[in-house]
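The values are calculated or read from the model by the stated rules, or taken from the named source; none is laboratory data. No experiment lies behind these values; they were computed from the predicted model shown. Cβ atoms come from the backbone with ideal geometry, glycine included; neighbour counts cover every protein chain shown. Remember, those area values only see protein heavy atoms, side chains included, never the ligands or the DNA or RNA. Shrake-Rupley method; radii C 1.70, N 1.55, O 1.52, S 1.80 Å.
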Amino acid sequence: RWTGPGDPAAVRIDGEGRTYTVPRDAVALGVALRERAPQGRARVVGVLGATGGLGVSSLAAVFARASRLRGWETALVDLDPLPGACAEMLALDDAAGLRWADLAHSGAPLIGAHLASSVPTWHGVRVLCGDERGGPAPGVATAAVAALRSDVDVLVLDLPRGAWAATSLLASCDEVVVLVGAAPSSLVTLRSLWAALDGLPARAGLAVRRTSRYSCPAQAGD
């Protein structure tokens, strides 16, 4: 029950023997709700490639799909600044739902439940990705990850190359899977990348793609 004009920037709600004062402005109310929402519900898994062309987005999608098949509410976030690749791979080009460009221009606070229900869905996985208008704008990615983390069980981040320098994204991960190839360039990059992961709270794992001309012969039992 809304009572009295009071502060023009706020309203009072009387109910169940208690009185609450909440912001009148919708954006301010959204921010307040987001700040009081449970944080850190999701297990956050980041997938990162030492070089391009290794199939990082495919691996991230496999992780997300496997998570959903186990009954966990799952979201996949495409953080590549180059737009549209993830959407095209998952055939989401024409799917209804919000993209990065929509979030950049909305001006509204990001609340997990609203965001998760507003993005495209792929086999039950909520997917936040870009389109021809662009990828994540500066600052929006961190806010979106924090919002989705409070509303799903597993959050898979398709991290862009160079993400090892973006400590805010890596710091949000509970686990990071680094995908490397057998080419010398991939292995050289791995040294810098692994040094960047050192000291972060995330548990790091390594996956090697052995399908190039640099591949080592398969060992017995592989």
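Matching residues to (1) of a type outside the set (Ser, Thr, Tyr); (2) in contact with a strand residue (DSSP E or B) (Cβ under 9 Å, 6 or more places away or on another chain):
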| site | (1), (2) |
| --- | --- |
| ALA104 | yes, yes |
| LEU110 | yes, no |
| SER117 | no, yes |
| GLY124 | yes, yes |
| ARG133 | yes, no |
| PRO138 | yes, no |
| ALA147 | yes, no |
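Residues in the stretch 120-132: is at least one open to solvent by 30 Å² or more (accessible area, probe 1.4 Å), modelled with pLDDT under 90, touching an Asp or Glu at 6+ places or on another chain (Cβ under 9 Å) and of a type outside the set (Asp, Glu)? No. When you look at LEU155, is it at pLDDT 80 or above and more than 13 Å from LEU48 (Cα to Cα), yes or no? Answer is yes for this residue.
Take the conditions under 24 Å from LEU197 (Cβ atoms) and more than 12 Å from the chain's Cα centre (by Cα) and apply them to PRO120. Does it pass? Answer is no for this residue. Give the residue that is least open to solvent (accessible area, probe 1.4 Å), with candidates limited to residues of the stretch 169-184 that are more than 17 Å from PHE63 (Cβ to Cβ) and touching a residue at least 60 places away in the same chain (Cβ under 8 Å). Checked the stretch 169-184; the qualifying residue least open to solvent (accessible area, probe 1.4 Å) is GLY181.
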